[in-house]
Amino acid sequence: MIIIMEPGASAEQVHDVEEEIRRIGLRPFLNPGVERKVIAVLGEVDVTKAALVGHFSMYAGVARVELISDLWKLCSRGYHPENSIVQVGDVAFGAEKIVVIAGPCSVESREQTLEIAEQVKEMGASLLRGGAFKPRSSPYSFQGLGEQGLKFLAEARERTGLPVVTEVMDTHEIVLVAEYADVLQIGARNMQNYSLLKAVGHSGRAVLLKRGMGSRVKDLLMSAEYILSEGNPDVILCERGITTFEDSTRNTTDINAIPVLKHWTHLPVVLDPSHSTGVWRYVAPVACAGVACGADGIIVEVHNDPQRAMSDGMQSLKYDNFKSLMSQVGRIAEAVGRTS
Ligand code: PEP
Ligand code: MN
C-alpha cells in the first residue's frame, strides 16, 4: 500500500500519517519526492488492506491511497516515480551519462590490477571492477586472492581515482570488503541469498545486484526490495544473461529485461555483456544494444592478457577492443539522448 500526499501537505501531516502507520504495527517508508511525498506502508497487511485504504484516505493532507499488488514496493515506480540516482563518489548511476565499469574478472596480481586500472581509466571507464572473492562453479578453480586482492584494488583506486566494484559472497566478509570497496557486487549465484541481501542493506555501501541466471525480472526486484527495506536505497540492478536452451553463447542476454526494468522500477540498470555472451567478440555489439535499450551503464571484463586470465579469459576484451567498444557505445549513447 502507498499513501500519496497532496502536493502541499505539511511536514506535520506527513508525520501524523507515519505515526499512525507505526501505531498499527506497520512500517512507513517516506519518499520525499520533489513533486509529492509518497509513504510506502510495509508489513503484512493482508485482510485488513481494504479497511486501511479507507482509514488513511481520511487523514489530512492525503491525496489518495493505492494498493500495490506486486511483492516489491520500494522498488516500484508507484512509490518513486522519478529515476533514482545512485551516487558513487563523483559517478552518478541513472543520470544522463552512461557509466562504464571495466576491469578483470579476477584480481590476479598487483601489477595486473594496476595496469588494467590505468588503461581502462585512460580509455574512459568510470569505475574499476575485479573479483577478490570469486564464486567459481568448481571448488578446484581459482577462488580469488581474498583480502590481498582487495588491497590491490584499493591501491589501483588511489592511483587512478576510479571507485572499486567487487563481489562479496558471505555475510561474514561484508565488513572486510566494505572497508576497501565503493560498491558491493552481489553475484548471480547469490541473488536469492536473503541473509546476504539483508546484511548489505546495512553495509553503508552501494550495491550492484546481479540477476540470477535462472531468475525472473520479478525475482530480481524482490531481491532488491530486501536491500531497500533494510534502509539502503543505493541499489544498481544488473542484467547478466540467463540460462536458456541456446548454447551458442554462455548465457542469453535478456535484452527485454532492460526496458521492463526501466518501466517497473526507478533503480538504475546496467548490462553485463561479458557474462551474458561469454565470448569477447559479441561483447561490444551487445553492449551497444543494451545502451540503445535504455541501460544506464555497462560492466565489462577487460584483461591485459586474456589467454592467460585465471577466469573468464574467453569473454575478456583486450585493450584495443575495449577502446573500440567505448567509441561505439559513445555513438549509441548520443543517438538515444545520453552522454558518455
Ligand atoms: C563476475 O562478475 O565476475 C561474476 C562472477 O558474475 P556473475 O555473478 O554474473 O556470474
Ligand atoms: Mn567473470
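Where a number appears in this text, it was derived from the coordinates with a stated rule and is not lab data. Bear in mind that the values here come from a model prediction, so they are computed numbers and not experimental data. Don't worry about glycine lacking a Cβ; one is built from the backbone with ideal geometry, like all the others, and counts go over all protein chains shown.
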*Long-range amide H partners of residue 317 with built H, under 5 Å*: 301, 302, 303
*asked:* What distance in nm lies between label points placed 7 Å from Cα along the C-beta direction at residue 24 and residue 57?
replied: 1.3
*How big, on average over all directions, is the shadow cast by the Cα convex hull of segment 301-340, in nm²?*
3.0
_Running a GNM on the chain with Cα contacts under 10 Å, which residue among 137, 57, 223 ends up with the highest mean-square fluctuation?_
137
*Can you list the HN-Hα couplings for segment 326-340, worked out from phi with the Karplus curve (6.51, -1.76, 1.60; θ = phi - 60°), rounded to whole Hz and with x for Gly and Pro?*
4, 6, 5, 4, x, 5, 5, 4, 5, 5, 9, x, 10, 10, 9
*Who wins for biggest fluctuation among 11, 60, 309 in a Gaussian network model of the chain, springs between alpha carbons below 10 Å?*
11
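Determine the calculated [θ] at 222 nm for the chain from helices alone, applying -39500 (n - 2.57) to every DSSP H run no shorter than 4 residues and normalising by the residue count; nearest 500 deg cm²/dmol.
Details: 11 runs with 119 residues, N = 340.
Result for the chain: -10500 deg cm²/dmol, rounded to the nearest 500.
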*Return the distance in nm (one decimal) between the two label points of a simple spin-label model at residue 327 and residue 147, each offset 7 Å from Cα along Cα→Cβ.*
4.5
*Starting from segment 41-135, pick out the trypsin sites (Lys or Arg not before Pro) whose DSSP state is loop and whose Cβ has at most 16 other Cβ atoms within 10 Å.*
77
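What are the GluC sites (Glu not before Pro) within segment 237-326 that DSSP puts in a loop, where the Cβ has at most 14 other Cβ atoms within 10 Å? Please list the in-between numbers first.
Working: sites: 239, 246, 301; in loops: 246.
Answer in residue order: 246.
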*When segment 131-203 is reduced to its Cα atoms, the Kirkwood hydrodynamic radius in Å*: 12.7
*Check each of the chymotrypsin sites (Phe, Trp or Tyr not before Pro) in segment 93-167 and keep only those in coil by DSSP with at most 11 other C-beta atoms within 10 angstrom; list them in order.*
140
*How large is the dipole of the chain about the Cα centre if only Lys and Arg carry +1 and Asp and Glu carry -1, each at its Cβ, rounded to the nearest 20 debye?*
520
*Note down the relative contact order for segment 86-335 as a percent, whole number, built from C-alpha pairs under 8 angstrom at least six residues apart.*
19
*Whole-angstrom gap from segment 52-70 to segment 297-334, using each part's C-alpha centre*: 49
*Return one quarter of the surface area of the convex hull spanned by the alpha-carbon atoms of segment 86-335, equal to its mean projected area, in nm².*
11.8
_Rg and Dmax of segment 2-66, Cα atoms only, in Å_ = 10.8, 33
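How many percent of Cα pairs in segment 220-340 exceed 25 Å? Display every interim value, and only then the final one.
Numbers: 1969 of 7260 pairs.
Roughly 27 percent, once rounded to a whole number.
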*Taking springs between alpha-carbon atoms closer than 10 angstrom, which of 84, 327, 69 fluctuates most in the Gaussian network model of the chain?*
69
*Given labels modelled 7 Å from the Cα in the Cβ direction, how far is it in nm from residue 246 to residue 334?*
3.0
*Could you give the length gained on full extension between residue 289 and residue 6, defined as 0.36 nm per residue of separation minus the Cα-Cα distance, in nm?*
97.9 nm
